[in-house]
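K.L.:
Mind looking over this structure? Questions follow.
The values are calculated or read from the model by the stated rules, or taken from the named source; none is laboratory data. Remember, predicted model here, so these are calculated numbers, not experimental data. No Cβ is skipped: glycine too gets one built from the backbone with ideal geometry, and neighbour counts run over all protein chains shown. Protein only, heavy atoms only, side chains kept; ligands, DNA and RNA dropped before computing areas. Shrake-Rupley method; radii C 1.70, N 1.55, O 1.52, S 1.80 Å.
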Amino acid sequence: MLYNKGMKKIYVEITNKCNLSCEFCIQNKRNSIFMNKNNFEIVLDKLKNTTKYLYLHVLGEPLLHPKINEFINLASKNYFVNITTNGYLIKRIIDNKNIRQINISLHSYNAKYNKSLNNYLQDIFDVTDILKKYTYINYRIWVNSLYKDEIIKVLEQKYNKSIKEHTKLENNVYIDFDSCFIWPNINNTYYNEMGNCYALKDHLGILVDGTVVPCCLDSEGIINLGNIFKDDIKDIIKSDRYQNMLNGFKNKKKIEELCKHCNFLNR
């Protein structure tokens, strides 16, 4: 059956605008916009039978969206809502009880943004100490930043626990380590025609302009599978391009040129 009702998650980019400019990020090259409420409701309606988990992030900082809490509350009526944030604006969601999980990219911290590390982390703790009662908190350190050791030290003091690897810090609070990856780009130096991927099998992405992409790493919409504002998700899934990619991955073969320049699962 081509139509998969059990897709694990779908990434929805409610904005591609960001408040930071991190060196490890591929940086947004599209026009920076916010998804409007009407278009967001179209997304929610069209994805009803495709997944139960929405991740409000591809590029950009979702907490920048002026309607972030309204969007979370709308989505939570039919979906489990997950947020990935750099943490700088986290107080905007301090009262929202409708978030299943918050991923906080602590490696985003940099003194160049004119905020001390202690103040940055204290703002985060002020919110997570409240939200952890009904939301999973996942601290991420995926990049070996200048502040990694200091961040870990503060977390160890906060949670009174030695941190050496993936660790449960307390109920509903975790820390996650991973290695940096090469953003897929047809001009990068990585190339491999063979390899599996979970894209299209258990997840896909929707950019702020409605472009449907196979995963959250196709930040420029190179592999354009359709537009959720105009097309039905069933038709997108049944399309030749979608199915060719999916069947290629099943045979450990990368069909699209962009995928051949992606090392996410090989890092």
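K.L.:
Within segment 107-123, take every residue that is within 18 Å of Glu61 (Cβ to Cβ) and outside any helix (DSSP H, G or I) and give me the one that is least open to solvent (accessible area, probe 1.4 Å).
P.N.:
Only one residue fits best here, namely Tyr109.
K.L.:
Going by the structure shown, is Cys216 in a loop (DSSP other than H, G, I, E, B) and of a type outside the set (Lys, Arg)?
P.N.:
Yes, satisfied.
K.L.:
Taking segment 47-58, which residues are open to solvent by less than 10 Å² (accessible area, probe 1.4 Å) and assigned to a loop (DSSP other than H, G, I, E, B)?
P.N.:
The answer is Leu47, Thr50, Leu56, Val58.
K.L.:
Just to check your reading of the model, which residue among Ile104, Ile94 is open to solvent by 20 Å² or more (accessible area, probe 1.4 Å), more than 20 Å from Leu47 (Cβ to Cβ) and among the β-branched types (Val, Ile, Thr)?
P.N.:
From the options Ile104, Ile94, the qualifying one is Ile94.
K.L.:
Tell me, which residue of segment 127-146 that is at pLDDT 95 or above and aromatic (Phe, Trp, Tyr) is most open to solvent (accessible area, probe 1.4 Å)?
P.N.:
Tyr136
K.L.:
A follow-up question, please. Output the residues belonging to segment 34-46 that are more than 20 Å from Leu217 (Cβ to Cβ) and either without any contact (Cβ under 8 Å) to a residue 24 or more places away in the chain or assigned to a loop (DSSP other than H, G, I, E, B) (or both).
P.N.:
Matches in segment 34-46: Asn36, Asn38, Asp45.
K.L.:
So, in segment 1-33, exactly how many residues are open to solvent by less than 50 Å² (accessible area, probe 1.4 Å), at pLDDT 95 or above and either part of a loop (DSSP other than H, G, I, E, B) or more than 20 Å from Leu74 (Cα to Cα) (or both)?
P.N.:
Residues in segment 1-33 being open to solvent by less than 50 Å² (accessible area, probe 1.4 Å), at pLDDT 95 or above and either part of a loop (DSSP other than H, G, I, E, B) or more than 20 Å from Leu74 (Cα to Cα) (or both): 4 in total.
Rundown of residues vs (1) over 20 Å from the mean Cα position of the chain (by Cα); (2) closer than 18 Å to Ile14 by Cα, yes/no style:
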{"residue": "Tyr198", "(1), (2)": "no, no"}
{"residue": "Gly205", "(1), (2)": "no, yes"}
{"residue": "Asn251", "(1), (2)": "yes, no"}
{"residue": "Lys254", "(1), (2)": "yes, no"}
{"residue": "Lys260", "(1), (2)": "yes, no"}
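K.L.:
Tell me which residues, restricted to segment 168-204, are free of Cβ contacts under 8 Å to residues at least 12 places away in the same chain and either open to solvent by less than 60 Å² (accessible area, probe 1.4 Å) or in contact with a strand residue (DSSP E or B) (Cβ under 6 Å, 6 or more places away or on another chain) (or both).
P.N.:
Across segment 168-204, the qualifying residue is only Lys168.
K.L.:
Identify all residues within segment 229-267 that are surrounded by 15 or more Cβ atoms within 10 Å (Cβ to Cβ) and among the aliphatic types (A, V, I, L, M); write none if there are none.
P.N.:
Selection gives Ile233, Ile236, Ile237, Met245, Leu246, Ile255, Leu258.
K.L.:
Another question, then. Determine, yes or no, whether Asp126 is among the acidic types (Asp, Glu), part of a loop (DSSP other than H, G, I, E, B), without any contact (Cβ under 8 Å) to a residue 60 or more places away in the chain and within 26 Å of Ile14 (Cβ to Cβ).
P.N.:
Judged against the criteria, Asp126 is not a match.
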